[in-house]
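Worksheet for the structure shown next.
What follows is calculated from the coordinates using simple rules that are stated; it is not laboratory data. Since the model is a prediction, treat every value here as computed from it, not as a measurement. A quick note on method: Cβ atoms are made from the backbone with ideal geometry, for glycine too, and the neighbour counts reach across all protein chains shown.
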Amino acid sequence: MLYSGTAFLALLVHIIINFHVIRNTHYMHEKPAAKAYRGLILSVMAFYIFDALWGIVYDTHIISAAFLDTELYFVAMAATVFFWTRFAIRFLNEKNRFLSFISSIGWMMIGFFGVILILNAFYPVMFWFDAEGIYHAGNLRYLALTLQVILFMSTSVYILLTFSNRTDARIRLHYAAIGAFGITMSVMVVLQVLFPLLPLYTAGCLLGNCILHTFIINAMMDDRRMELEETLRREKRQEQELGSVRKMAYTDSLTGVKSTHAYIEAEEQVDRRIANGEIEEFGVIVFDVNGLKNVNDTKGHDAGDLYIQQASRMICGVFKHSPVFRIGGDEFVVFLEGEDFKNRKILLATFETQIEENLRKGKVVVAYGLANFLPGRDNSYHRIFVRADHSMYDRKAVLKSMEIKTES
């Protein structure tokens, strides 16, 4: 049972360290090298299973079960060799005659094992069990294992000699790990030939897989993590840049209030909310700065810009909790909701007091017009705006007359 216990332990460790590969949830699972690596992991896992079962059925002397399990044991062994060559070739990602030759040998190994194992079912050329259930190795078993040693060793030596001069230390370590796997397996296969009843091939697979996992898979996962971190940093920078651009586009450069772009989006949002029945209380105030043309004509456009900024500060100073939009040269709009809508009369009274004081002092004068949303009547924002705009022009005329009286 010691034989089976070793294989079961190897199987458990194998599953733990390669769980994400077995489930095919590793991040590179669609790449050719990763597919070959998963094939290697699955074939090694199958080999551990059949190796563990072999110790059990061999100790119980169930010859038929031992014979079938031994056949599957060699099938899994052949698959392990095949997928290791596929992984090594695809990981190197190069094409030359030697690697093509190794690829062909890998396919030939599969075919060789298949033919020999079928033949062995009728004539014991690879292994057999005597009447007492004792295992005996045939000559072709030694030939098969010898071919594996040649394949493992030649591929490993080629990798170590050819790729050891790469400038990137991490890449050199990856190639060294693949070479170490092949050399480890070569040594263990030789020992397996010398001691056929010891689980040395299993030990070789476990050690070799730990080398690959530690020096290639973990390193690749670290690379992936750093790649993802860099991607996140880049996306964050792009998001910040887009946020800055969006802020510039949605902020009026002269006054700092919301721009025409922001106003258009806000208007569309109000229309959606009206259509969905989400608005109950809502008001629109339209503002127009009086006398801007006269300021521009007599004092210049710089003075006109200052005049607009003063008007904007006055509007924002009263309607502190509502979005303020500049929708034209001297036109502003305020959306009233919540507390500002409930306190609209107080706020407008405060605003009127400021306007009257400015009239007396000859400062900036702003006309306004308020319109409230009428449920059941207003089916769009535009209807509210039109009423507010008309009200603003009425107020503008009143202010004009007040200015004339003040001047006279």
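Under a Gaussian network description of the chain, with springs only between Cα atoms under 10 Å, the residue in Ser380, Ser103, Ser154 that fluctuates furthest is Ser380. For the listed residue pairs Lys320/Lys361; Lys236/Lys320; Lys293/Lys361, the alpha carbons are over 28 angstrom apart in Lys236/Lys320.
Computed over segment 260-407, the P(r) tail beyond 26 angstrom holds 25 percent of alpha carbon pairs. Note on Asp271, Asp69: ascending count of other Cβ atoms within 10 Å places them as Asp271, Asp69, the fewest first. For Leu191 and Lys345, the difference between the fully extended length at 0.36 nm per residue and the C-alpha to C-alpha distance is 45.8 nm. Whole-Hz Karplus values for segment 286-291 come out as 9, 10, 9, 7, 7, x Hz, taken residue by residue from phi with 6.51 cos²θ - 1.76 cosθ + 1.60 and θ = phi - 60°; glycine and proline positions read x.
So which lysines pass the test for Lys95, namely a Cα distance under 23 Å, with those fewer than 8 places away in the same chain ruled out? Answer for Lys95, where 23 Å is the Cα cut-off: Lys31, Lys35, listed by chain and number. Subtracting the Cα-Cα distance of Arg23 and Val115 from their residue separation scaled by 0.36 nm leaves 30.0 nm.
Relative contact order, whole percent, for segment 1-136 stands at 25, derived from Cα pairs under 8 Å and 6 or more residues apart. Our summary of shape: the Cα atoms of the chain have principal axis extents of 130, 50, 31 Å, ordered from largest down, in whole angstrom.
For segment 260-407, averaging the sequence separation of C-alpha pairs within contact (under 8 Å, six or more residues apart) and dividing by the residue count gives a relative contact order of 33 percent. Once you divide the Cα radius of gyration of segment 2-232 by 2.2 N^0.38 Å, the number left is 1.05.
Most simply put, the chain has about 95% antiparallel DSSP beta bridges, counting only bridges with both residues inside it.
Extension gain, Leu228 to Ser253, is 5.3 nm, computed as 0.36 nm per intervening residue step minus the present C-alpha separation.
Each stretch of four or more DSSP H residues adds -39500 (n - 2.57); spread over every residue of the chain, this sum gives -24500 deg cm²/dmol at 222 nm. Under 16 Å from a label point 7 Å along Cα→Cβ of Leu143: give me every residue in segment 113-130 with its amide N that close. Only 113-128 pass the distance filter.
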